[in-house]
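Right, one structure below, let's go through it.
The values are calculated or read from the model by the stated rules, or taken from the named source; none is laboratory data. Every value quoted in this text rests on a predicted model; they were computed, and no experiment measured them. Ideal geometry is used to build each Cβ from the backbone, glycine not excepted, and the neighbour counts take in all protein chains shown. Calculation scope for accessible area: heavy atoms of the full protein, side chains included, ligands and nucleic acids excluded. Shrake-Rupley method; radii C 1.70, N 1.55, O 1.52, S 1.80 Å.
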Amino acid sequence: MTLQLNKPDLLKTQCLIDGQWVSSDSGDTLDVMNPATGETIGQIARCGTAETRRAIEAADKALKSWQSTPANTRATCLRNWYNLMLQHQDDLAAILTAEMGKPLSEAKGEIAYGAGYVEWFAEESKRIYGDVIPAPDGDKRIICFRQAVGVVGCITPWNFPNAMLARKLAPALAAGCTVVCKPANETPLSAYAMVALAEDAGIPPGVINVVSGVTSEIGAEITSNPIVKKVSFTGSTPVGKSLIEACASTVKRTSMELGGNAPFIVFDDADIDSAIDGAMISKFRNAGQTCVCANRMLVQEGVYEEFAKKLTERVNALRVGDGREADVTIGPLVNDKAANNVISMVEDAVSGGAKVLTGGEREASGPRFVKPTVLTECTSDMRVFKDEIFGPVAPLFKFSTEEQAIQMANDTEVGLASYFYSRDIGRIWRVSEALEYGIIGVNEGAVSNPAAPFGGVKESGQGREGSKYGLDDYTEIKYMCLGGINA
Ligand code: SIN
């Protein structure tokens, strides 16, 4: 398959080290597949330890100059990059859909979303403030200021190949850090394309380096090399835990955006039509492959039947297919393993007594296409209650009381996003305070936004991305004690 792009040189297959696009030392490559068709769309450099080490050294070499670049200049580079991402939105979206599968309209939305982080942090880079703290004794002043943490390793997933990288790169660069990125091997082309635009935006060589290939070798070098001062990762909880362990030997700072198991609670007093709208966006965005996707639909008994019926009607209107086709709303899952896992979860639920209202199987068009599914009569011993589904499956669980809903919602080790629908202001406060989650959508199914702090509690991770808090993870606070004021 050849991709028709307006700017064909956005399609890079080599890694970026110190401003040079290079092949792997061995010349080995890895295939990148279109999950809709199974076709190979590119062969990327298969890099390992040595290339990663050179990328880290390049980032270190570029650090001093980038750190001391005036904030206004860094802001201008980021703003240029934002403009270029929007200017080339169609090409970036075409690459993203080809390697990841999401519908083209969603891919365009993701480019705008990712660019939004770049714009946000272009502005924030001018607002990295410090503090002056009154000293307990009069002859001193306590002055605090923030500095870039240094070289950062960013490891990003395949489900949002543009936005997740933008959400890490933009604050890192705004703070004055330099970066080595490792995009997922399923979706490296989006990362290369956006970074190619960063070069055009005036971001100097060595400030952003990208390596992909042998994940274990790249990950081991990033987490053990003492030059790297911080690792930011988005992905699964088990991988996050192993990265935290690996970072411990050199006491690196870590930001971890890990798995979720979002409850989507619908109380009897909810506006049901609005809850259905929220459920559709929260559950079926990206074919259910997001960490903040509604995982468990907890519905109060008084509205359970109505909610199930209306949700099924809306789900039946979704169109599954190749993301490049007009009107497709659900693309393929990213690979065979992902599709097999989702199907096995449905089978587990059905064998435990769940009823399939719609879907529940693959589409005839290909092994990675899973029909959007609604399951009722689900129970907490099923995998769909305990595990992150990461697919277009909505399991419904019935509850009676507010207390029971909170207990069910919090009955998980993770705590990223949660949602609930109610019109009772007292309940809104009570439930928001009781939910053990970093993000709470109240009467709202779309919670992701560059202005908002994205991140979880419990085993969903540590740190916040986006918002005014998003720079904290990329800066150190230095304290200067100025004495002898009265001398
Ligand atoms: C994720 O799935 O990790 C991110 C989703 C989002 O930013 O909304």
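For the chain, the longest principal axis of the alpha carbon atoms and the long axis of helix 71-87 meet at an angle near 40°. Per-peptide packing, taken as the mean over residues of other Cβ atoms within 10 Å, places 473-486, 137-150 in the sequence 137-150, 473-486 from highest down. Compared with the alpha-carbon gap, the fully stretched path from Trp21 to Val350 is longer by 113.4 nm at 0.36 nm per residue. Cα centroids of segment 30-60 and segment 168-219: 12 Å apart. Judged by the ratio a/c of the largest to the smallest principal axis of the C-alpha gyration tensor, segment 304-392 counts as oblate, that ratio being 1.5 or greater while a/b is no larger than b/c. With the biggest extent put first, the Cα atoms of segment 85-141 measure 64, 20, 13 Å across the principal axes. In plain terms, the C-alpha convex hull of segment 1-157 casts an average shadow of 12.8 nm² when viewed from every direction. If you take the Cα centroid of segment 424-478 and the Cα centroid of segment 236-309, the two points sit 13 Å apart. Working from Cα positions, state the angle (0 to 90°, nearest 10) between the long axis of helix 163-175 and the longest principal axis of the chain. Taking Cα atoms only, the helix is inclined about 30 degrees. Surface composition of the chain: carbon and sulfur atoms hold 50% of the protein heavy-atom accessible area at a 1.4 Å probe.
To the nearest ten degrees, helix 237-248 and the longest principal axis of the Cα atoms of the chain are 20 degrees apart. Over the alpha-carbon set of segment 418-464, divide Rg by the Kirkwood Rh and report the Rg/Rh ratio to two decimals. With Rh from the inverse mean 1/r over Cα pairs, Rg/Rh is 0.98. Judged by the mean number of other Cβ atoms found within 10 Å, the most tightly packed of the peptides 280-291, 315-326 leads the ranking 280-291, 315-326. Shape class of the chain from the Cα gyration tensor (axes a ≥ b ≥ c, square roots of the eigenvalues): oblate, since a/c reaches 1.5 or more and a/b does not exceed b/c.
Phi angles across segment 466-480 convert, under the Karplus curve 6.51 cos²θ - 1.76 cosθ + 1.60 with θ = phi - 60°, into 3J(HN,Hα) values of x, 6, 5, 7, x, 7, 4, 5, 10, 10, 9, 8, 10, 10, 10 Hz, Gly and Pro given as x.
Taking Lys and Arg as +1 and Asp and Glu as -1, the other residues whose beta-carbon sits under 13 Å from that of Asp473 total +4.
Considering only Cα-Cα distances, which of the following residue pairs are longer than 27 Å: Lys310/Lys355; Lys230/Lys283; Lys126/Lys458; Lys61/Lys108; Lys61/Lys252? Flagged as over cut-off: Lys230/Lys283; Lys126/Lys458; Lys61/Lys108. Each part gets one Cα centre, and for segment 69-98 versus segment 339-385 those centres are 39 Å apart.
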